[in-house]
Amino acid sequence: MTLFAEKPLTGQTVLVTGAAKRIGRAIALACAQAGANVAITYRSSSVEADQTVADLSALGVEASAHRCNMDAPEEITAAMTEIIARHGRLDLLVNNAGTFASATLESTTPADWDSMFATNTRGPFLMAQAALPHLRAVRGRILNIGSLGGIEPWATHGHYCTSKAALHMLSQVMAKAWAPEVSVNCIAPGMIVQGEVGVAYQHFAERTPMKRNGTAADVAAAALFFATAPHFITGQLLAVDGGLGL
């Protein structure tokens with residue numbers, strides 16, 4: 001593969017979790033445009049997942065959708081088995097699936113806390129664990145999607161921020177533990193919006209040095225960088241936030 005290959009992911013298989021819509025869909029489409037065959041998982045958005053697979057297939061690649069609840073270890077194992085049976089290999093795992101919620105610390109229940117961590121931290125860990133032997137076989141990559149909230153403390157999102165901060169650290173631990181066969185990196189998106197935005201979102205844009213909110217395409221471009229960058233780059237956390245965290 002040359003440095004400026006037109007479709008640098010040709011022949012590879014990428015799995016993007018939670019990719020029926022929004023950021024995950026954008027990442028999946030970017031990888032397909034780069035030549036990769038793409039598998040996606042979804043939890044309940046079956047209609048959107050089917051549309052995403054159709055859009056991926058229209059790009060001339062093999063695509064598949066697999067229902068998977070990231071809270072359920074047995075579903076993660078089953079999804080990985082299905083994906084390998086369908087595509088034969090796995091070169092890149094993008095752990096995008098996650099959940100977001102607001103709650104004051106004093107109102108956060110044990111169930112709220114456990115549910116947030118089950119999806120945002122344990123789920124990516126279990127999916128990476130299931131993918132590991134397949135990634136090792138091809139010197140593959142893992143990309144975790146964290147959050148600016150895992151870098152900065154948001155007072156009304158304590159359980160969310162903490163789960164993403166844990167995912168950031170998990171990414172570094174994976175990078176160290178699974179080198180040199182597998183490279184592991186993490187993206188921390190800032191304020192990412194789609195479509196029409198209200199006054200509250202405009203406020204964030206005004207606070208951002210780049211004077212706009214981010215888009216799913218911004219995150220997808222960063223994901224494509226890590227998908228095609230030298231395998232030597234590992235253990236990195238990249239904020240895609242327009243400078244909002246500065």
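The values are calculated or read from the model by the stated rules, or taken from the named source; none is laboratory data. Given the structure is predicted, the values throughout are model-derived calculations rather than measurements. Here the Cβ positions follow ideal geometry from the backbone for every residue, glycine too, while neighbour counts run over all protein chains shown. Accessible surface areas use protein heavy atoms only, side chains included; no ligands, DNA or RNA. Shrake-Rupley method; radii C 1.70, N 1.55, O 1.52, S 1.80 Å.
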Could you list, in sequence order, the residues of the range 138-158 that are free of Cβ contacts under 8 Å to residues at least 60 places away in the same chain, in a helix (DSSP H, G or I) and under 21 Å from Val193 (Cα atoms)?
Gly149, Gly150
Please enumerate the residues belonging to the range 37-54 that are surrounded by fewer than 19 Cβ atoms within 10 Å (Cβ to Cβ) and modelled with pLDDT of 95 or more.
Val47, Glu48, Asp50, Gln51, Ala54
Kindly indicate whether Gly158 is at pLDDT below 95 and crowded, with 20+ Cβ neighbours inside 10 Å.
yes
Quick check: is even one residue across the range 98-119 under 23 Å from Leu237 (Cβ atoms), assigned to a helix (DSSP H, G or I) and of a type in the set (A, V, I, L, M)?
yes
Which of (1) open to solvent by 50 Å² or more (accessible area, probe 1.4 Å); (2) under 28 Å from Ala166 (Cβ atoms); (3) in contact with a helix residue (DSSP H, G or I) (Cβ under 9 Å, 6 or more places away or on another chain) does Cys68 not meet, given it meets every other one?
(1)
Of these, Ala175, Ala165, Ala200, which one is under 15 Å from the mean Cα position of the chain (by Cα) and assigned to a helix (DSSP H, G or I)?
Ala165
Let me confirm something: among Pro209, Pro189, Pro180, which residue is closer than 18 Å to Arg139 by Cβ, of a type outside the set (S, T, N, Q) and at pLDDT 95 or above?
Pro180
How many residues does the range 41-75 contain that are part of a loop (DSSP other than H, G, I, E, B), among the charged types (D, E, K, R) and free of Cβ contacts under 8 Å to residues at least 12 places away in the same chain?
0
Is the range 11-31 home to any residue that is in a strand (DSSP E or B) and free of Cβ contacts under 8 Å to residues at least 60 places away in the same chain?
no
Assuming Leu135 fulfils every condition listed in (1) closer than 24 Å to Ala20 by Cβ; (2) crowded, with 17+ Cβ neighbours inside 10 Å; (3) in contact (Cβ under 8 Å) with a residue 60 or more places away in the chain apart from one, which condition is it?
(3)
Considering each residue of the range 13-36, count those that are more than 14 Å from Ala223 (Cα to Cα) and buried (at least 24 other Cβ atoms within 10 Å of the Cβ), and give that number.
3
Of those in the range 15-56 that are in contact with a Ser or Thr (Cβ under 6 Å, 6 or more places away or on another chain) and small (Gly, Ala, Ser), the residue nearest to Glu82 (Cα to Cα) is Ala39
